[in-house]
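Here is the structure we will look at.
The values are calculated or read from the model by the stated rules, or taken from the named source; none is laboratory data. Predicted, not measured: the structure shown is a model, and the values here were computed from it. In this analysis, Cβ positions are derived from the backbone assuming ideal geometry, glycine residues included, and neighbour counts consider all displayed protein chains.
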Amino acid sequence: MGDAMSTAKCAVRFATVLALAGVAFGAGENRKDLHFKVGKHPAISINNPYGPVVVKAGAPHEVVINAILHSDKVEIDQSQSHNRIDIISHLLQGADQYSGVVEYQVLVPADASLSIHSENGPVHAENLHGDLALEGGNGAMEVLDCGDGHVHVRTLNGPVTISNVRNGHVEVVSMSGDVSLTSVSGPYVAVNSNTGKIEYAGDFGGEGEYSFTSYAGNIEAVAPAYASIDVTARSSQGRVDSDFSLEPKHTPFYAKAGSYFSGTLGKAASSVKLMSFSGKIHLKKRQ
C-alpha cells in the first residue's frame, strides 16, 4: 500500500511538472527510449532548450531515458564515454519554443552526478545523493529528498524550490525568481538573489554556514525555538525584525534600530547571515 501511494504521488508530481511546462502528450510525437549501462558514480549531462526534465533515482548501474520529441525539428544527440553520458536536444532549422520541445523522464543511480541545462522548461530532481548542477532561464527548478552532495542552482526568472536536503552543500543564484528552502541543512547553504524573495523554513542544523542575500527581495527565515544559531541580519533600507530574544553580541559598527540585529541563540552552532539592500528581513519563530 505504501509503495502504491508513493508511486501515485510521484506520478501526480511529474504530471504537474509537465503541466507547468505547457506541454502534453499527443498523437504524432516521436518517443525515444534510451538505456545505458554505467558503473559507480556516473555523470549524466542533459541540455534541453525547451521542455521539462524530470530525474529520479532508479536501479544501480543503469540509466533509463524516456524522451518525447514534439516534432521532426528536434533530434537527440547521445554519447557515452566510460561512465559519462551526454544528452543534447539538437534543434534543427526552423525549430521554435513549440516544435523544439522535448520531454524527458530519466532514471539514474542514486549516486549519479547530474548536470542539467534547460532554458525554458522546468527541472525536477528527486532522491539523489550525487552532485547536482541545475541551470535554467524561466522554468521552475525543484530539488526534493536529496542529500550528501553539492546542489548548485542558477536561474534567471524561474522559481527555485528545494525541500528535504540533508548534509548538502547548497548554492542558489537567482536574478528575479523566488527561492524557497524547506528542511534544508548542511555545512554550507547560500542563496543570492537580485529581486526575488528568499524563504527558509528549517532548523539551521549541521553546524553550518547559512548566507541569504537579496538586493531588493524580502527574506523570511522560520526556525524553531531550539535553533542553535549565531545570527546577523541587516538591510540598508528595509525593516529588520526578529521573533527571538537573542543574546546580544558586540558589533564593530553602528546600525540604526530596526535595520539591524545580531545575537546568539542556544549554543550558536550554526552561523546565519541575512542581508538585503532594500528588502525586508524577518527571522520568525516556528509556532
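Here are a few things to note about the model shown:
- Of residues in the stretch 66-85 being without any contact (Cβ under 8 Å) to a residue 40 or more places away in the chain and closer than 13 Å to Ile46 by Cβ, the one surrounded by the most Cβ atoms within 10 Å (Cβ to Cβ): Ala67
- Subset of the stretch 214-240 [farther than 13 Å from Tyr200 by Cα and of a type in the set (Asp, Glu)]: Asp230
- Number of the exception - Gly100 against (1) free of Cβ contacts under 8 Å to residues at least 60 places away in the same chain; (2) part of a strand (DSSP E or B); (3) surrounded by 22 or more Cβ atoms within 10 Å (Cβ to Cβ): (2)
- Filtering the stretch 139-177 to residues that are crowded, with 18+ Cβ neighbours inside 10 Å, touching a Ser or Thr at 6+ places or on another chain (Cβ under 8 Å) and farther than 22 Å from Asn48 by Cα leaves Gly149, Val165, Gly168.
- Top-ranked residue of the stretch 206-223 - restricted to ones that are within 16 Å of Asp241 (Cα to Cα) and of a type in the set (A, V, I, L, M), ranked as surrounded by the fewest Cβ atoms within 10 Å (Cβ to Cβ): Val222
- Of residues in the stretch 135-177 being under 11 Å from the mean Cα position of the chain (by Cα) and in a loop (DSSP other than H, G, I, E, B), the one farthest from Gly196 (Cα to Cα): Ala140
Condition check ((1) assigned to a strand (DSSP E or B); (2) at pLDDT 95 or above) across all residues:
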| position | (1), (2) |
| --- | --- |
| Tyr210 | yes, yes |
| Thr213 | yes, yes |
| Ala216 | no, yes |
| Glu220 | yes, yes |
| Asp230 | yes, yes |
| Ser245 | no, no |
